[in-house]
Each structure stands twice: as C-alpha cells, then as structure tokens.
Amino acid sequence: MTIGSFYPPQRTLMGPGPSDIYPQVLQALSRPTVGHLDPLFIGMMDELKQLLQYAFQTQNPFTIAVSAPGSAGMEACFVNLVEPGEKVIVCRNGVFGDRMRENVERCGGEAVMVENAWGEPVDPQLVAQALEANPDAKIVAFVHAETSTGALSDAEAIAKLARQHDCLTIVDAVTSLGGVPLLVDEWQLDAVYSGSQKCLSCVPGLSPLTFSERAVAKIQQRQSKVQSWFLDQSLVLGYWSGEGKRSYHHTAPVNSLYALHEALVLLKNEGLESAWQRHRDAHRELRDGLEKLGIEFVVDEAYRLPQLNAVYIPEGVDDTQVRQTLLERYNLEIGAGLGALAGKAWRIGLMGYAARSENVALCLKALESTLK
Ligand code: PLP
C-alpha cells in the first residue's frame, strides 16, 4: 500500500478546541524556517513575549510560551511550584480541576479538594473555608474557565482570598485567554497558563505561561530539584530572557511560534475589549437561536462562558448520530459532553475566529435541520 499526502477537509470547528485558525496564522506557519538561535528569530521571540504580556495583561518579565500543549503549561506550574509534602488547595468543578489534583499528587504534594457541582463556578466561600481549615496550605489552584462545563469562576475573588492566607495561585486560563477578561496583574494571579488552540485561534501545541515575581521567588527558594528537566522553568528562562545571549535549551517549534506571534498581532490589533465583546455578541446570537429550538443551557447565565456553550441534548435525540451528521453533511464539528456530562450535553465552542455571526448561523441551521 502506498501512503500519499494527507489532505483534510475544510471543517468548521465549533467544539471545545482546537478552534478554526485565522487564515493569516496558517500563512505565517508556512513561512521559511530559520534557526531558533538566529538573531531574527530571537527578535521575534522578544516581540512574542510583549504580545503575550498584552494578552495576559501583565508586566511579568517571566512570560513565555511553553513548547507543548496546555497540559504542559499546567504541569510546568505544578512541578515548579509544588514541593513534596506541600499542601495545595485544589478547586474541582469539572474535568480539569481533577487533572490539577493529579498534578499535585504526582509532585508529592497533598491536594485538599474544594468540591463544586459540575456546571457551577468555584464558590469563593468554600475556598475561604478550606483556607481557614488548612493554614499550612501554600497554593490555591483553580480553573478560570472550565471547558468541560462552560462555567466561569471569579478568579479575582479567589486570588484575593489566597493572598489573605499567604498562598500563591495557579490558574488554568486555557479557555479564558482572549475570550473573557483575564487581568493577571490587576487580580494579582501568580502562575497562569493557557493554550494556543482556543480563543487565540492558533495552531495547537503551545502553552502561554506567566509567573509573577512571587512565583519566581518560590521557584528560586526550592529545597529540591524540579523533577522534570524539560519543564524546569529556571532552565527555560535562560532561553527566553531577552538580553542578547540565548543558551540552547531545546529546539523551539519555530514555525508554530511564528503562528502564535501572528495570532497575537491579530488580537492586539483588534484589542482585547473588542475581542471579549465579539465573543459575548456571538454567544447572545447563539443563545437566542438555541432557545428557539428549545435547547437548554447547562450553566446559569451569570456564570456562562460565551466561548463554550454547554447545552443539554434534547430528550430522545441520539448524541453520536447528530454529531456525525453535522460532521458529514455540514463539515461542522461540535463537542461531545465530557466526564459527568458525557452523553448528556453538547459543547458548542465560539472561540477566537469562530466567534462570528456566520458560524452561529451555520450551527443553528445545521442543528435545526438535523434535529427535525
Ligand atoms: N485545561 C483546560 C481548561 C482545557 O480546556 C484543556 C484542553 O482542552 C487543557 C487544560 C489541556 O490543554 P491541551 O489539550 O492543550 O493539553
């Protein structure tokens, strides 16, 4: 059997990510590869850092893109900030909070769980209680935008509580960055990671990451070596630091970083406020259309993510068959339910480039005719 080139169809991606990539970003990806220590590339990396600082709304000097997906950004936070024996308060209101628990335990830490129902945001009162009951806790970890349910938590309030108890925060902003307000400096968040493939509409496989000075200080004061060589951020820093000389750490994913640079230039040109508003507008259009079809949302409007719409599958409807029809007939991908919502909900993403009226109209038309 001969194996030829792979040509995928042109899908419209309206699931939980990856999202559709901006055409300009795909073009940037195919520009000539230069060496990753080429002075021109290093100049591009310095710009990328500034663009990431804008997207995160931070002045943190430690602001980079991890050369691996969001899960690696998550792991980079835990392996660097959690030392064996340390207590971490982990808020769980969906799949990704549970992954945080896994990370804490694999670092030899003790995870104190704050449990919230699926579809609900993290309750700051429960976080306050956990902090009172565990005065030796060092970190509070939570997911800002839970992709498994579509719930948005109050990062500012949780971070304030953490600071009152002298704890650092680890914040999952994989789905929030670029889609809803995320103000790293104003909210005084400490370690925040994201993903390139959601509201930035960039290629998957990169994880924007920022550490506050408090977080960097904790890493510098570690008693034990970070067990992961690749994710040890004290080594990576030498590679990303802007002051002329760069030392080799790993081969940067050169073309993917061009793509991230381009996606962030687009975000900067649009402006964060406008991008957030565009996500809200698209969500309202989608909500109105879905409600006309009698489809109900999982998450209360007050905590709903505009970029990730979890809706209940109407009774008697075959989940798999509908998603398959959407894919085959309309080249449209929507997401299945995850974890506790598997088989019960769909997740319709309006992320980045997908947060547009054309996409909303296609999704509503396709769903209406498929559900008939
Ligand atoms: N955290 C959240 C909230 C996510 O939605 C995802 C991916 O969907 C991840 C972490 C993991 O990111 P990745 O799949 O890029 O490794």
* Asked: For the range 96-109, in order, what is each residue's ³J(HN,Hα) by Karplus, 6.51 cos²θ - 1.76 cosθ + 1.60 with θ = phi - 60°, in whole Hz (x at glycine and Pro)?
  -> 6, x, 5, 5, 5, 4, 3, 4, 4, 5, 5, 8, x, x
* Asked: From the backbone phi of the range 292-309, what are the Karplus-calculated ³J(HN,Hα) couplings (6.51 cos²θ - 1.76 cosθ + 1.60, θ = phi - 60°) in whole Hz, Gly and Pro given as x?
  -> 5, 7, x, 8, 9, 7, 6, 9, 4, 3, 5, 10, 7, 7, x, 8, 9, 9
* Asked: Dividing the convex hull volume of the alpha carbon atoms of the range 1-76 by its residue count, what do you get in Å³ per residue?
  -> 198 Å³
* To do: Treating cross-link reach as a plain straight distance, find the aspartates and glutamates whose alpha-carbon is under 13 Å from the alpha-carbon of residue 344, omitting any fewer than eight places away in the same chain.
  => 296, 315, 318, 319
* To do: Subtract the Cα-Cα distance of residue 247 and residue 166 from 0.36 nm times their separation in residues, and report this length gain in nm to one decimal.
  => 25.7 nm
* To do: Project the alpha carbons of the range 155-313 onto their principal axes and report the range along each, largest first, in whole Å.
  => 57, 42, 29
* Grab the Cα-Cα distance for residue 54 and residue 331, subtract it from 0.36 nm times how many residues apart they are, and report the gain in nm with one decimal. => 96.3 nm
* To do: Please compute P(r) over all alpha-carbon pairs of the chain, binned at 10 Å starting from zero, and give each bin as a whole-number percent.
  => 5, 24, 32, 25, 12, 2, 0
* With a Cα-only, solvent-free Debye model of the range 1-131, what are the log10 I(q)/I(0) values at q = 0.17, 0.19, 0.21 Å⁻¹? -> -1.15, -1.22, -1.29
* To do: May I ask you to sort 42, 170, 64 by Cβ crowding, counting other Cβ atoms within 10 Å and putting the fewest first?
  => 42, 64, 170
* Sorted largest first, extent of the range 154-231 alpha carbons per principal axis (Å) -> 38, 33, 14
* lysines whose Cα lies under 22 Å from that of residue 225, excluding same-chain neighbours fewer than 8 positions away -> 87, 138
* Isotropically averaged projected area of the range 110-215, using the convex hull of Cα atoms (one quarter of hull area), nm² -> 6.7 nm²
* Structure fact -> Two pseudo-spin positions, 7 Å from Cα along C-beta at residue 358 and at residue 269, lie apart in nanometres by 1.6 nm
* Give the cross-link partners of residue 49 among the lysines, using a straight C-alpha distance below 26 Å as the criterion and excluding same-chain residues fewer than 8 apart. => 198, 218, 245, 268
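Values quoted throughout were computed directly from the atomic coordinates according to the rules given, and no laboratory measurement underlies them. Just so it is clear, the structure is predicted and the values come from calculations on it, not from any experiment. Cβ: placed from backbone, ideal geometry, glycine included. Neighbour counts: every protein chain shown.
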